[in-house]
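> First, the structure itself, so that you have it in front of you.
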Amino acid sequence: MSVPTFFPILRPRPGLKLQGRGVYLRPPRLEDYRAWSELRRTSRNFLERWEPTWLDDDLGRRAFRSRLGAYARELETGEAWPFFVFRKSDDALIGAVRLFHVRRGVSQSGTIGYWVGQSHARKGHMSDAVATVIRFAFEGIGLHRLEAACMPENAASASLLLKCGFSEEGYARAYLKINGEWRDHRLFGLVSRL
């Protein structure tokens, strides 16, 4: 059987694994599909109100492979660093953190986004994961500033960002199209102390 030419780009950088206190993070792999699709499916009602509109085939294997291809291209160019988050105690996939819109030159900045499965929410896992990615961004790849945003009614996300050291910096009207509607967002920033 011949291997499609695009297949090698789906392999993440070998050895890229970040260690938090109770979680570890690594780039997504093809073998994560089943755990990812199940976690997203069972958390759909919990996640939809905070995310872009889910497509009909969003949880399909083909969509997952396409997502991995996009992540691999971003990793290659250094534009983004996608990570799945796993609980150390049992290797369960619990969510994801993505460092994206990485800008170099005079900016040296990036944006953090994240999601957690409903059954794993409010247990400290995501603040552990976000803190780990912050350390990676500042100490590992030399960024100077990080940004994040959340909708005004997402108190849990705002609390997480503040707990991880972000400061609220502003308010953006109709900032992102979430679940089919342009939604306002609170804006947060964090500057490296290095």
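> What FRET efficiency comes out for the pair PHE100/LEU176, r = Cβ-Cβ distance, R0 = 22 Å, nearest 0.05?
Between PHE100 and LEU176 the formula returns 0.95.
> Taking trypsin sites (Lys or Arg not before Pro) as candidate sites, keep only those in a DSSP loop with at most 16 other Cβ atoms within 10 Å, then name the longest stretch of the chain containing none of them.
The longest such stretch corresponds to 124-192.
> 5 Å is the cut-off here: which amide hydrogens, built 1.01 Å from N in the peptide plane, fall below it relative to LEU176, excluding neighbours closer than 5 in sequence?
Under 5 Å from the amide H of LEU176: ARG183.
> Per-residue HN-Hα couplings for the stretch 185-194, Karplus 6.51 cos²θ - 1.76 cosθ + 1.60 at θ = phi - 60°, whole Hz, x for Gly and Pro?
9, 7, 10, 10, x, 9, 10, 4, 9, 6
> Only Lys, Arg, Asp and Glu count, each charged at its Cβ (+1, +1, -1, -1), so figure out the dipole size of the chain about its Cα centre, rounded to 20 debye.
That gives the chain a dipole magnitude of about 400 debye.
> In whole Hz, with x marking every Gly and Pro, tabulate ³J(HN,Hα) for the stretch 51-56 from phi via Karplus 6.51 cos²θ - 1.76 cosθ + 1.60, θ = phi - 60°.
Ordered by residue, 3J(HN,Hα) equals 10, x, 4, 6, 6, 4 Hz.
> For the pairs LYS17/LYS88; LYS17/LYS123; LYS123/LYS177, flag any whose C-alpha to C-alpha distance is greater than 24 Å.
Listed pairs above 24 Å: LYS123/LYS177.
> Just flag the GluC sites (Glu not before Pro) in the stretch 151-194 sitting in loop per DSSP whose Cβ has no more than 15 other Cβ atoms within 10 Å.
Here the GluC sites (Glu not before Pro) that fit, given the DSSP loop and packing criteria, are GLU153.
> Oh, and also: Can you show me the helix-derived [θ] at 222 nm for the chain, built from DSSP H runs with n ≥ 4 at -39,500 (n - 2.57) apiece and divided by the number of residues, rounded to the nearest 500. Before the final figure, lay out each step's value.
Numbers: 5 runs with 51 residues, N = 194.
After summing the helix terms and dividing by the residues of the chain, the value is -8000 deg cm²/dmol.
> If I take R0 = 25 Å and measure r between the Cβ atoms of LEU162 and ALA92 in this structure, what FRET efficiency does the formula 1/(1 + (r/R0)^6) give, to the nearest 0.05? Walk me through the numbers on the way to the answer.
On the way: r = 27 Å, r/R0 = 1.07.
E between LEU162 and ALA92, to the nearest 0.05, is 0.40.
> Read phi for every residue in the stretch 114-130 and hand back ³J(HN,Hα) as whole Hz from Karplus 6.51 cos²θ - 1.76 cosθ + 1.60, θ = phi - 60°, with x for Gly and Pro.
Computed from phi, the couplings for the stretch 114-130 are 7, 8, 9, x, 3, 5, 10, 6, 6, 10, x, 5, 6, 5, 4, 5, 5 Hz.
> Going out from 0 in 10 Å bins, what whole percent of all Cα-Cα distances in the chain drops into each bin?
8, 35, 40, 15, 2, 0
Every number in this text was worked out from the coordinates using simple rules, so none of it is lab data. Note that the structure is predicted; figures quoted are calculated from it, not measured. Neighbour counts are summed over all protein chains in view; Cβ atoms, including those assigned to glycine, are modelled from backbone coordinates with ideal geometry.
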